[in-house]
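Peer 1: Would you mind keeping the following structure in view while I ask a few things?
The values are calculated or read from the model by the stated rules, or taken from the named source; none is laboratory data. None of these values were measured; they are calculated from a predicted model. Virtual Cβ from ideal backbone geometry, glycine too; neighbours counted across all protein chains shown.
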Amino acid sequence: MTSSLLAAPAANSPRRVLAASLVGTTIEFFDFYIYATAAVLVFPQLFFPESSPQAALLQSLATFAVAFIARPVGSAVFGHYGDRIGRKATLVAALLTMGLSTVAIGLLPTYERIGLIAPLLLALCRFGQGLGLGGEWGGAVLLATENAPPGKRAWYGMFPQLGAPLGFLLSAGTFLLLGEVMDDAAFLAWGWRVPFVASALLVIVGLWVRLNIHETPDFRKALENGQRVRLPLRDVLAGHGFAVVAGTLAAFATFVLFYLMTVFTLGHGTSALGYAREEFLLLQMVGILFFAAGIPLAALYGDRRGTLKAMLWATGAIFVFGLLFQPLFQAGHPCRYCCSCRWVCS
């Protein structure tokens, strides 16, 4: 009996599992969003200076889009090895891929120094960020949900999702702080590099957390029962192809809305609408707080009423917001449409 207890695999504590899934995705999305912010505010001037302001912004956003080509590739590659060698190893590899790519961006020479090679290297590093995030997202959700007790899968699964708003708040807050402590010339000369290079410290913290967790019970059970397959992706597409396609399409609305409100609006608001960089970042941070608050509410509803119903309600709300987007997104004072303070702003 004693030997059987000693041989029993170590179990992850709920606190450790949730911390590992939350910390990792927060770091990954911080790295992802500092690029998004720099792609609007910095990269058009430093990596595409030969183009007009509008064309330079579009070229910079094109490098931002490279990650969305890389993300499904990262999901497939890291998903394959996650099913073959385990969740823990692939999550560590995904975090390292994102971290190294992000630090490399902070060290890149600009167009002024090496010409066209600079934007090419920028796009390559962005591809690496996409690979890392593609592996991180699914792996972190698996880590959380495969350790979840019955009836709490949505609640556990929402912790990786919280990494998105937390990463955005950290990113926007970092750029706001840099704007307060240095002028625009210093920011463009070297200040923009600080969050990219400093992200190495966050990656070290994330690796320490990830290396101190154990494999999930589901993966250990698969090993014990000899259920590993040679090509997991082939088996998934063959047996669950419709579910994969349906799940992918269902996520479109969420991601389109999210990047519309975090990347496109930052570029449009600070150029066409005339908002100051700091002012608009603050407005976005307020909006992200509501985003963060909605995640645990949706998880609670999903565990009680069903995750399908939660998704249907969210998709309906996105559709309604899409109809209201144009009249809501106008130039003017931030308080212009706030009834509670109209007497102050009028």
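Peer 1: Testing Thr265 on (1) polar (S, T, N, Q); (2) surrounded by fewer than 18 Cβ atoms within 10 Å (Cβ to Cβ); (3) in contact (Cβ under 8 Å) with a residue 24 or more places away in the chain, one condition comes back false. Which one is that?
Peer 2: (2)
Peer 1: Out of segment 229-262, which residues are out of contact with any Phe, Trp or Tyr (no Cβ under 7 Å at 6 or more places or on another chain) and of a type in the set (Val, Ile, Thr)?
Peer 2: Val229, Val236, Val244, Val245, Thr248, Thr254, Val256
Peer 1: Grab the helices (runs of 4 or more DSSP H) fully contained in segment 238-329, keeping just those with 2 or more residues being modelled with pLDDT of 85 or more and either among the small types (Gly, Ala, Ser) or out of contact with any strand residue (DSSP E or B) (no Cβ under 9 Å at 6 or more places or on another chain) (or both).
Peer 2: Here the list reads 277-305, 307-328.
One line per residue, one yes/no per condition, for (1) modelled with pLDDT under 90; (2) within 17 Å of Pro232 (Cα to Cα); (3) out of contact with any Ser or Thr (no Cβ under 9 Å at 6 or more places or on another chain); (4) not basic (Lys, Arg):
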position: Arg71; (1), (2), (3), (4): yes, no, yes, no
position: Gly106; (1), (2), (3), (4): no, no, no, yes
position: Leu120; (1), (2), (3), (4): no, no, yes, yes
position: Leu124; (1), (2), (3), (4): no, no, no, yes
position: Gly139; (1), (2), (3), (4): yes, yes, no, yes
position: Glu146; (1), (2), (3), (4): yes, no, no, yes
position: Pro150; (1), (2), (3), (4): yes, no, yes, yes
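Peer 1: Would you say Ala154 is buried (at least 19 other Cβ atoms within 10 Å of the Cβ) and more than 16 Å from Phe29 (Cβ to Cβ)?
Peer 2: Judged against the criteria, Ala154 is a match.
Peer 1: Scan Ala251, Ala198, Ala246, Ala238 and give me the residue that is surrounded by 12 or more Cβ atoms within 10 Å (Cβ to Cβ) and over 21 Å from Thr90 (Cα atoms).
Peer 2: Selected residue: Ala198, the only one of Ala251, Ala198, Ala246, Ala238 that is surrounded by 12 or more Cβ atoms within 10 Å (Cβ to Cβ) and over 21 Å from Thr90 (Cα atoms).
Peer 1: Next question. From the residues in segment 221-237 that are of a type outside the set (Gly, Ala, Ser) and in a loop (DSSP other than H, G, I, E, B), which one is modelled with the highest pLDDT?
Peer 2: The residue in question is Leu231.
Peer 1: Among the residues of segment 209-220, is any more than 23 Å from the chain's Cα centre (by Cα), charged (D, E, K, R) and assigned to a loop (DSSP other than H, G, I, E, B)?
Peer 2: Yes, there is a match, as at least one residue in segment 209-220 is more than 23 Å from the chain's Cα centre (by Cα), charged (D, E, K, R) and assigned to a loop (DSSP other than H, G, I, E, B).
Peer 1: Within segment 50-92, which residues are surrounded by 17 or more Cβ atoms within 10 Å (Cβ to Cβ), of a type outside the set (A, V, I, L, M, F, W, C) and within 21 Å of Phe29 (Cβ to Cβ)?
Peer 2: Ser60, Thr63, Arg71, Gly74, Ser75, Gly79, Gly82, Arg87, Lys88, Thr90
Peer 1: Right, another one. Quick one: Met98 ticks every box in (1) among the aliphatic types (A, V, I, L, M); (2) in contact with a Leu (Cβ under 7 Å, 6 or more places away or on another chain); (3) surrounded by fewer than 17 Cβ atoms within 10 Å (Cβ to Cβ) except a single one, so which number is it?
Peer 2: Every listed condition holds for Met98 apart from (3).
Peer 1: For Trp190, indicate whether it is closer than 28 Å to Leu22 by Cα, of a type in the set (Phe, Trp, Tyr) and either modelled with pLDDT of 85 or more or part of a helix (DSSP H, G or I) (or both).
Peer 2: No, not satisfied.
Peer 1: Being of a type in the set (Ser, Thr, Tyr) and either more than 21 Å from Gln161 (Cβ to Cβ) or not in a helix (DSSP H, G or I) (or both), is that true of even one residue in segment 15-35?
Peer 2: no
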